[in-house]
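First comes the structure, then the notes that go with it.
The values are calculated or read from the model by the stated rules, or taken from the named source; none is laboratory data. In this text, all values refer to a predicted model and were calculated from it rather than measured experimentally. Positions of Cβ are generated from backbone atoms using ideal geometry, with glycine treated the same way; all protein chains shown enter the neighbour counts. The area values use the complete protein model at the heavy-atom level, side chains included, leaving out ligands, DNA and RNA. Shrake-Rupley method; radii C 1.70, N 1.55, O 1.52, S 1.80 Å.
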Amino acid sequence: MNANEIKQITVIGAGQIGHQIGMLCALGGYETIIQDLSETALQDAEAKLQAIMSKWVSKGKLAEDAKASAFNRMRFSTSFEESVSNSDLIIEAVTEKLDVKKEVFSKLEQYASPHAIFATNSSTIVNSLIAGETRRPEKVVNMHFFFPPLVMDCVEVVISEQTSEETAQIAMDVCKKINRTAVLLKKEISGFVANRILGALQKEAVALYEQGIADYKDIDIICRKALNHPIGPFELMDLSGLDVAYYVMDQRYRETGEPADKPFDCVAEKVAKGELGRKTGKGWYEYSSHKVKS
């Protein structure tokens with residue numbers, strides 16, 4: 001199997017990352033299915049994508065006929081079995097919890113075609129922790145898109161010792177076709193590259209805040225003004241979601257058992273209160289609108 005044989009891609013999960021991955025695939029010329037158990041989530045995903053693509057057209061970033069063609073290649077479905085049975089590449093983009101991802105991969109093995117490649121969009125969980133739920137570990141790979149996928153031009157493609165070179169190359173080629181820069185990581189490590197670096201920054205930023213050295217707003221200002229970061233670490237947590245930040249830290253802590261990797265108390269408190277950032281209207285900051293950057 002090679003990249004030219006990838007005709008249909010299914011994305012499992014219509015959340016803030018999944019639906020945008022699906023749009024990238026459709027724009028790249030693939031027949032694309034976005035699957036979610038929630039009809040409401042699918043309707044919301046389609047509405048958001050229509051709004052973003054209309055904005056692209058108005059800005060001259062996309063031709064109207066290209067937009068129409070992309071949506072003609074895209075379907076939204078609540079049926080798991082029908083969505084995966086004929087797909088060549090299936091990208092899982094569900095919540096960042098190992099047990100949930102294992103359940104999805106177990107179902108994929110049950111319903112997907114024997115030739116299909118399984119990719120996880122996990123931002124921290126290595127694919128070898130999930131591949132055991134399948135009988136095709138050589139066809140399992142990480143394809144870590146960054147939020148928001150329609151803006152961020154990078155995908156970390158991570159292979160395990162069992163992932164085949166063929167699978168890795170197909171993942172890289174698909175990224176090229178959907179106009180994303182892929183970087184191949186040939187050794188697994190929790191958090192990969194970007195999130196390990198980002199995690200170190202966030203860990204220090206939150207430690208400074210919890211110690212009373214500086215307010216979170218001032219830390220963000222310093223990172224933007226002195227380090228020339230586009231947004232500060234607390235603003236970034238709000239953008240990606242504090243629940244995502246919490247799950248990433250919790251997964252790392254479960255793997256290492258190191259106290260230093262335990263989720264921050266202040267983040268855990270916000271997650272418990274449902275203050276997840278931009279998507280809920282309040283996180284570290286308050287937002288008058290839940291709009292996602294496009």
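Which trypsin sites (Lys or Arg not before Pro) in region 143-192 pass both tests, a DSSP loop state and at most 12 other beta-carbon atoms within 10 Å? Could you put the intermediate results ahead of the total?
On the way: sites: LYS176, LYS177, ARG180, LYS186, LYS187; in loops: ARG180, LYS186, LYS187.
For trypsin sites (Lys or Arg not before Pro) across region 143-192 that sit outside H, G, I, E and B with at most 12 neighbouring Cβ atoms in 10 Å, the list reads LYS186, LYS187.
How big is the equivalent ellipsoid of region 199-294 along its three axes, where each semi-axis is √(5λ) from the Cα gyration tensor, reported in whole Å from largest to smallest? With the √(5λ) rule applied to region 199-294, the semi-axes are 21, 18, 12 Å.
Quote the Stokes-Einstein diffusion coefficient, in whole µm² s⁻¹, for region 103-252, based on the Kirkwood radius over alpha carbon pairs, a temperature of 4 °C and a viscosity of 1.567 mPa s.
Values: Rh = 16.8 Å.
Translational D for this selection: 77 µm²/s.
Within the accessible area of region 84-177, the carbon and sulfur atoms contribute 47%, probe 1.4 Å, all protein chains present.
Full extension of the chain between LYS187 and ALA200 yields a length gain of 2.7 nm, computed as 0.36 nm times the residue separation minus the alpha carbon distance. Overall, the anisotropy analysis places region 224-278 in the oblate class: the square-rooted eigenvalues a ≥ b ≥ c of its C-alpha gyration tensor yield a/c not less than 1.5, with a/b not exceeding b/c. Per-residue extension of 0.36 nm, minus the Cα-Cα distance of GLN211 and HIS229, leaves a gain of 4.2 nm for this segment. Taking the C-alpha atoms only, the angle from helix 165-177 to the longest principal axis of the chain is near 80 degrees. Annotation for LEU37 and ALA68: the two label points, set 7 Å from Cα along the Cα-Cβ direction, are 3.8 nm apart. Compared with the alpha-carbon gap, the fully stretched path from ALA272 to GLU166 is longer by 33.9 nm at 0.36 nm per residue. Estimated from helices alone, the mean residue ellipticity of the chain at 222 nm is -13500 deg cm²/dmol (sum of -39500 (n - 2.57) over DSSP H runs with n ≥ 4, per residue). Looking at region 1-55, the trypsin sites (Lys or Arg not before Pro) that sit in a DSSP loop and have at most 16 other Cβ atoms within 10 Å of their own Cβ are LYS7. Measuring spread by the Cα atoms of the chain yields a radius of gyration and Dmax of 19.0, 56 Å.
Counting Cα-Cα pairs of region 30-104 in 10 Å increments starting at 0 gives whole-percent bin shares of 17, 41, 31, 10, 1.
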